[in-house]
Structures are given as C-alpha cells and as structure tokens.
Amino acid sequence: MKYYILLLGLCLFACTDNISLQTSVTVNVSKAGTLDSLLGKYEKDKIDTLIVRGEINEIDLITIKYMDSLSYIDLEETELSSSVLKSHILVNRNRIQTIKLPHDQSLFYSLNPLDIKSKDNEPLDIDGVLLKSKDGLSLYSRGTMDSMYIISKSSKERKFTYEDLSLYHESVKRGDSPCIFISYNQKVNGYKVNVMWFPFDIQYIDQSPAILHFQNDTSGFYIYNPSFLETGVYEKFKKNSLKDGDTIYVNYTPKESSEYAEDFGYLADNNIPFFFQDVDFDGEDELLITNWQCGSKGSSTYDVYKVNQYYEYRLDMIKLTDAPFYKMENGQTEFDPKEKTIKLHLNFNAFEYAIHTYKKVKQEKIEWTEPEDSYNFELVRVDIHNQYTDSKEHKVYIKDGYKYKLVKDEKTPVNQKDK
C-alpha cells in the first residue's frame, strides 16, 4: 500500500513538474489582473507560446511584458483597451515573431522608423506589418475575424517579406481617422506600389499625409510623404463617395506622359506623386517623392532616395539629404547631364533670389587601405540677384580652392536696360 502511495506521489510530482515546464500555454482569464497568478504553476521563462482568453488589463500586459522567452502571443479572444498595448507588448521584444490582436484593433511594430508628426505635433511611428485575413494577404484588416501578424524587428540573421504597411495613431482602434488605400494597376520601375492615404477630410480630396509601399522581387520599403496627392482619386471620387477603408485602383501616369512634361523637363509636374529619374548622373535611377505644393510659389518639392542600397545587411533605400538633393523644386531646378551640373533657383523674397550651381566632381577617398574613386556635388558658383528701389544688383561667386571668389559685382539702374 505504501508502495502505491509513493508511486502515486511520484506521478503527481512528475505531472506537476511537466506542467511547470510547458512551453505552450493557454490561459482563460475570468477576472482582469489575475494573469500572473494563473501562470504561477508554470515557469514563465520557459513559455514561448502564450494564448490568452477573457478580460485582461494593463496589469496582465505587464506580466506578458516580462516573459522574455515569448515568440508567439495570441490575444485574439481578449477584451482590453488598445491604448496600453504598444507600451507593454512591444518593449524589448527581440524574440517576438507573431502577435494576434483582439478583434478590430491595430498595433504596429516599427521596422523602419521615420520622423512623423501628428496633428498636435507629437511624434508617431511608422511600422511595417503583414496583414492576414480569411481572403489571404490584404492591405487592411476589414473584418472582425481577420488576424494581424506583426513581424519582429529586422536583423541580419532573419529574412522578412515586407508585404504591407500601416500607421500607428495615439489611439490605435480602427476608424479613428479616414484611411483610403490606393493601389496602382501597373508596376513602376519594377515595383508594385500601394499607398495608405490619410485625407484630412474624406469629403474634400486634397493633399494629405500618406505612406507609400514599394515592393519588387528582391526588396521592399516604406516612405512617408506629408503632402501626397494622386489626381486619379478625383476620377473615382466623382463617381462614388469615398468612405473610410475604401481601396481605389488607379493607373500610374509616367512623367513623360504628363500634359505638362515639356514645361518641367528633367523633373515632373505637380500631378506626378512619384517617379524614377537619374538625378545624380550615375546611370542609375533615383526615386523622387513629390511633396505637393510644399515649395515656393506653389511649386512642389522632392524627397530623393537611392534604392536597392545595402543598409544594415539588407537591401533598402537611402534618402539623399545633402545639397542639392534636399532643396529640389519643380520649375526651380535645372539639370545639365552633359556638364553634370544642377542649378537651384532659390527665392528669398520678392526682391532677392539666388542661383546655386552644383557640379559633380571626382575625388578620391580611402576607407580601408587603398584610394578609390568618389563623386560628390560641390557648390561651384553662386549668382545673387537683388532688386532695390533704384537699382538691380548681380553678384557672382566662383569656388576657388577652399574659398569663394567674387568675380562679378554689378549694379544697374532700374531705368537702364540691362546690357
């Protein structure tokens, strides 16, 4: 009899020990705030898969936050406030690969953080996500039964496919602000392009913030544009009223096909939201994103990106932030591919403007042991034009070594014709 009691005790101990060592655990929470006690019989640092059901709160999220071994979290059948999700679930999460969220909630984990400001000038995060619904991969979670998979932070040991994208708001429930999805019917320079567009007023189509997603066979990336405009939306808007969550399919208009192509030449007119063009004369096309009417006198400015560049062990895009690329405006920028020069017309006010001429120059640099060719754009000439009450002034500076030499300083009376 003692033998059987001992054997039963050993079995119970073994069962208890097996329970404590479980790596996949499902917990039904009947009262919010009790998840930690319900997990008391398990070794939490051994759990890599956690499925939670019932009502939970911030205390329960803090419990999950400190379970360092988790790679899969399923919160699909829980009820909680989404406002506290991000601060607890995604802190120091290097192992997390999949998170299933409660119905009708969104949560985004940053893959390529960009500097974005909300309406009240608070910083927001841009996040790459992969959405999965009953119909397969999609741009947006429209149904309550959809599941959202949030991909963990990219690293050199892992390979991810960046399928879709979204924007993290202060309140991350669906429907907080209008969102229109734009999908281009044609590939552009080999890229499939999808856009999430956030119009300020869904009844009035105008330039508004957007996130553009570019995907080809080898890479994918996201770009934020604070002033995006796609005129193809107007045609759809005339026929049917837009509503939050709508997807619009539009044709891409190449800049060469624009009715204003001749007026802008090397660059594009305001109505082309993005295009590819070799603007640094290296034989490879850069990607230019049009910031609609963000320049002087109603012109548009451009963000310029080098694409298919290796960055942190993966193909990505790199934004060109040096002059002349961060100051480009359509109608205000001249290109001379033969001379490899770029002229920027800079208007300071109604009576003062300048022309900055940049030239591509060949240099040598040493990064390791041997010199190698390097190309940079240098400001080689500055023309300054001032309009005074009784005269016009024209100054010219030419780069001379490490300094700029004044080679022209001319004033012309306003009642005298220029020679």
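The values are calculated or read from the model by the stated rules, or taken from the named source; none is laboratory data. Keep in mind that what you see is a predicted model, and the values were worked out from it rather than measured. Cβ: placed from backbone, ideal geometry, glycine included. Neighbour counts: every protein chain shown.
State all residues of region 369-419 that are in a strand (DSSP E or B) and basic (K, R); if no residue qualifies, say none. Working first, answer last.
First pass over region 369-419, keeping only residues in a strand (DSSP E or B): 372-387, 391-400, 403-413.
Correct list: R381, K392, K395, K399, K403, K405, K408, K411.
Every residue, every condition in (1) free of Cβ contacts under 8 Å to residues at least 24 places away in the same chain; (2) surrounded by 14 or more Cβ atoms within 10 Å (Cβ to Cβ); (3) small (G, A, S); (4) under 28 Å from N251 (Cα atoms), yes or no:
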{"site": "M317", "(1), (2), (3), (4)": "no, yes, no, yes"}
{"site": "P324", "(1), (2), (3), (4)": "no, yes, no, no"}
{"site": "V361", "(1), (2), (3), (4)": "yes, no, no, no"}
{"site": "S374", "(1), (2), (3), (4)": "yes, no, yes, no"}
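With the checklist (1) touching a helix residue (DSSP H, G or I) at 6+ places or on another chain (Cβ under 9 Å); (2) part of a strand (DSSP E or B) in hand, flag the one item T357 doesn't pass.
(1)
Condition test on K41, is it of a type in the set (D, E, K, R) and under 37 Å from the mean Cα position of the chain (by Cα)?
no
Here's a check for you: in region 242-265, which residue that is hydroxyl-bearing (S, T, Y) and at pLDDT below 75 is surrounded by the fewest Cβ atoms within 10 Å (Cβ to Cβ)?
S257
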